[in-house]
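Since the structure comes first, as structure tokens, the remarks are kept for the end.
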Amino acid sequence: MEPQEETKTPEQKRKNKRLALFLLIPVVVLMFGFTYVQVPLFRMFCQKIGFSISPLNDVEYAKTGRMCKVLYTGVTAGTLPVYFKPKESVQTVEVGQPFKNSYRFVNMSKDTVHFRPVHSILPEKAATKFTMTKCFCFDDQTMAPGAERTFEVVSVLSADMDPEIEQVTLHYTLFEKNPEEMEKNREIPNVATGATTTGGN
């Protein structure tokens, strides 16, 4: 007698999906921890697979006539007392051509703060097509009490980006940093740009 194929009920399928999601959570946490703590190694990994997390100067531009909406969002992790906001929260840009924006940072406290901006790109399919030629991502920052600072971001969407993508989000999260850890990473070279990571400005 041939074995009968097991038929799963909708409830069993939902349980399997929840189990798969539960098993993936530790993997995501570990990946994020690797990104945050071991930034130089993560830069090297991304360079190998072609994902640009650092400013690149060798970029090919193209006239495409195709427009795409770019959203700029950001949050601070924990209780970091830093206010930051993009000059323009939404832009309509031409795919293949460079576009600029800037972020204003204000230390709202009476203490010196240390933090690291970490960015992400959504949707996932757009991540490898979003190149920054100038940014402040993954660079540790130090701001004196009440200090204000403006950082410029220059980016380009690759001309071969999926034509179905009509909107891309650039999101920043600011993480508070221990100044001692920043000092340890002060002279670690950025393998993607040849520059040196500094612990503060």
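Assorted remarks:
- Within the range 71-102: backbone nitrogen closer than 13 Å to the Q167 label point (7 Å, Cα to C-beta): 71-73, 90-92
- Scaled radius of gyration (Cα, divided by 2.2 N^0.38 Å) that the range 61-139 gives: 1.29
- Residue order, fewest to most surrounding Cβ atoms within 10 angstrom, among F151, F175: F175, F151
- Least to most buried among R104, R66 (fewest other Cβ within 10 Å first): R104, R66
- For the pair E152 and M108, label points projected 7 Å from Cα toward Cβ lie 2.8 nm apart.
- A159 paired with T128, simple spin-label distance in nm, labels 7 Å along Cα-to-beta-carbon: 2.0
- Our summary gives the range 52-184 a relative contact order of 35 percent, counting only alpha carbon pairs under 8 angstrom and 6 or more residues apart.
- Ellipsoid equivalent to the range 52-184 - semi-axes via the Cα gyration tensor, in Å: 30, 14, 12
We did not get these values from a lab; they are worked out from the coordinates using the rules stated. All values derive from a computational prediction rather than experimental measurement. Here Cβ is always computed from backbone atoms with ideal geometry, including for glycine, and neighbour counts include all displayed protein chains.
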